[in-house]
């Protein structure tokens, strides 16, 4: 397990956005683990904090790891969310982000108005963008 050199393992902090049952064992490896979701009622998630990834209620340099699997493609202001991730991560922290990739070079930021249009483009009605390989390059 990765443990930051600047904190004792029992004080290492994980923030998981839109937590999954599949990541519970990973969460349990950290001394402090907080789960966050903006709409936990959507799929009956139990979370510690109801908040958006664009406005996390944590201080600067709070988290050693921030985990957000299949979250960013749902957020209209994903750059604001990424800035918030950077704000709450400790200097030695890491973000583990997973998004669906289209295989294209560039992210598709076209605004689609209807759920049918979004579903046809990305395979899911609540995705607001389809990331390209430029996501991997930062």
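Each value in this text was obtained by applying a stated rule to the coordinates, not by laboratory testing. Given the structure is predicted, the values throughout are model-derived calculations rather than measurements. Quick reminder, even Gly has a Cβ in these numbers, built from the backbone with ideal geometry, and neighbours come from all protein chains shown.
Data overview
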| quantity | calculated |
| --- | --- |
| Nitroxide proxy distance, nm - points 7 Å out along Cα→Cβ at residue 42 and residue 137 | 3.0 |
| Kirkwood-based Rg to Rh ratio, the chain, C-alpha trace | 0.99 |
| Degrees, to the nearest 10: 78-88 long Cα axis against longest axis of the chain | 0 |
